[in-house]
Every structure is written in C-alpha cells, then in structure tokens.
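In what follows, a structure is listed as structure tokens, so that the remarks can point back to it.
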Amino acid sequence: MIRMKEMNDSQKLKTGTTTVGIKCSDGVVLAADMRATAGGMVVQKDVKKIVEVTDMMAMTTAGNVSDIQLLIKLIRAELKLKEVRTGMKPNVKASANLLASMVYQTIRQPFFPGVAHFLLGGADHEGVYLYDVFPDGSLNLHKDYVTTGSGMVFALGVMEAGYKKDMTIADGVKLAKKAINAALQRDTHSGEGILIYTVTSAGVKKHSMKRIPRNVE
C-alpha cells in the first residue's frame, strides 16, 4: 500500500504488503499487516488494510491509497443502493463481480491507471465465500486459501504446511497469525502488526489487532 501525490514516468515507487484469506468450515478469515511504504520508506505504521463493505462482507486492501479509498466508497454506495432498491441484501457473488468490474475500469485509465488488489470475504443465504479481485480486474473464487503482496511467498509457505480442509474459524485465525508473522519477519515492506477479521453467517467481526512494539527501553 502506498501514499502517493505525484509520480512521473521516470519515478518508480516500490510498494508492499501481506494479506491472507482462509476459507474455513464456518466462515472466512482475513488477515493483513499494518505497514504502509513508499519506495524504501515506511510512511505509516497503523494502516487498517481490512475494511467492512457491508455487515456481511469485508475485504483486504493493497495498492494505491487513492484508488483503494475511491473503490471502497463506490462499492459501499452501489451495494447500499441495490439493497434499498430491491429490499434484499446483496449476495457475495454479484458483489464480487461488481467490484472486479470497478477495478477493471480503474486500471485501464489512459494516463494514470489505478492499482488495487482485494481479497473479499462474504456470507449470504447460499454460503460463505472467498474471492480474489486481482489488479487487472480478474476474479477468482478460492475454496481453501490465498495470499497476496510482497510478503506472500513467506505467508504461502506457512499456509501450505498448516492449512487443513474444513478447519474451523478458530484454527484459521491461528494459522493467519502465523502466516502474517512469517512475512513480518522476512519481508521489509510488511510490518508493524497483524489485523484480523472474520466473516461468518452472523456477520463481519473484527477479531484482533496486534501492534508489534519496535522500541527497546
């Protein structure tokens, strides 16, 4: 995730983050680190990289801050409008497809293409789902787990070793913490803490937010 005011063709800003999504037997676990970087500099240490979209959907965020903020506002507004018009809560599949369409349009702007990557977890009357909305607008449904960002290679190793089919939310939270922590230890663009949300048939819940102290007294 980066904070950017101006950038020309000769400037390159390296960005990084680590996000994790885990499909469990009774819901979805979403986790992310809390560091924002621009190039090799840490610009913020308490970034909330998971947001609620509705009371039944949440998503991790990565990419350009301005694009992420705009897309969050747009998807929230569109889903609320749809709920008001139909009198029904939007289902997860349709919501994921709508978000993917928005991302597709954003990255194809002619002069300053936006870059945003989301993991969307949601629940509706049909079940609980985990979607990966890639920066090019492509959409993938995951039935186990997915990791993204500069620290994904470290998180992925933990997921490969620890994931079990039909694991519970409680076990998923523990695994997500291990996966993000592995990235914090090895990826310089991920750090500061671990933020975890869960999504079940009861709705979205902020499960934990743990800051990792860096100061030595």
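Restricting the stretch 121-136 to residues that are over 14 Å from Ala94 (Cα atoms) and free of Cβ contacts under 8 Å to residues at least 40 places away in the same chain leaves a set whose member that is surrounded by the fewest Cβ atoms within 10 Å (Cβ to Cβ) is Asp136. Among residues that are in a loop (DSSP other than H, G, I, E, B) and more than 17 Å from the chain's Cα centre (by Cα), Pro135 is not included. Considering the stretch 56-80, and only residues there that are more than 16 Å from the chain's Cα centre (by Cα) and closer than 23 Å to Gly27 by Cα, the residue that is surrounded by the most Cβ atoms within 10 Å (Cβ to Cβ) turns out to be Leu79.
The residues of the stretch 109-132 that are more than 17 Å from Gly172 (Cβ to Cβ) and assigned to a strand (DSSP E or B), listed by number, are Ala116, His117, Phe118, Asp124. If you scan the stretch 81-111, which residues turn out to be surrounded by fewer than 13 Cβ atoms within 10 Å (Cβ to Cβ) and of a type outside the set (S, T, N, Q)? Of everything in the stretch 81-111, those that are surrounded by fewer than 13 Cβ atoms within 10 Å (Cβ to Cβ) and of a type outside the set (S, T, N, Q) turn out to be Leu81, Val84, Arg85, Gly87, Met88, Ala94, Arg108, Pro110, Phe111.
Among strands (runs of 3 or more DSSP E) entirely within the stretch 9-75, having at least 2 residues that are at pLDDT 85 or above singles out 19-24, 27-33, 50-54, 57-63.
Looking at Ala116, Ala155, can you tell me which residue is surrounded by 15 or more Cβ atoms within 10 Å (Cβ to Cβ), more than 30 Å from Glu83 (Cα to Cα) and under 15 Å from the mean Cα position of the chain (by Cα)? Result of the check over Ala116, Ala155: Ala155. Taking each residue of the stretch 91-103 that is free of Cβ contacts under 8 Å to residues at least 60 places away in the same chain and looking for partners that are of a type in the set (Val, Ile, Thr) and in a helix (DSSP H, G or I) with beta-carbon atoms closer than 6 Å, six or more apart or interchain, yields Leu99/Ile75. For Asn140, the conditions (1) in contact with a strand residue (DSSP E or B) (Cβ under 7 Å, 6 or more places away or on another chain); (2) in a helix (DSSP H, G or I); (3) without any contact (Cβ under 8 Å) to a residue 40 or more places away in the chain; (4) of a type outside the set (Lys, Arg) all hold with the exception of (2).
The values are calculated or read from the model by the stated rules, or taken from the named source; none is laboratory data. Everything quoted here is computed from the prediction, not taken from an experiment. Cβ coordinates were reconstructed from backbone atoms using ideal geometry, including for glycine residues, and neighbour counts include every protein chain displayed.
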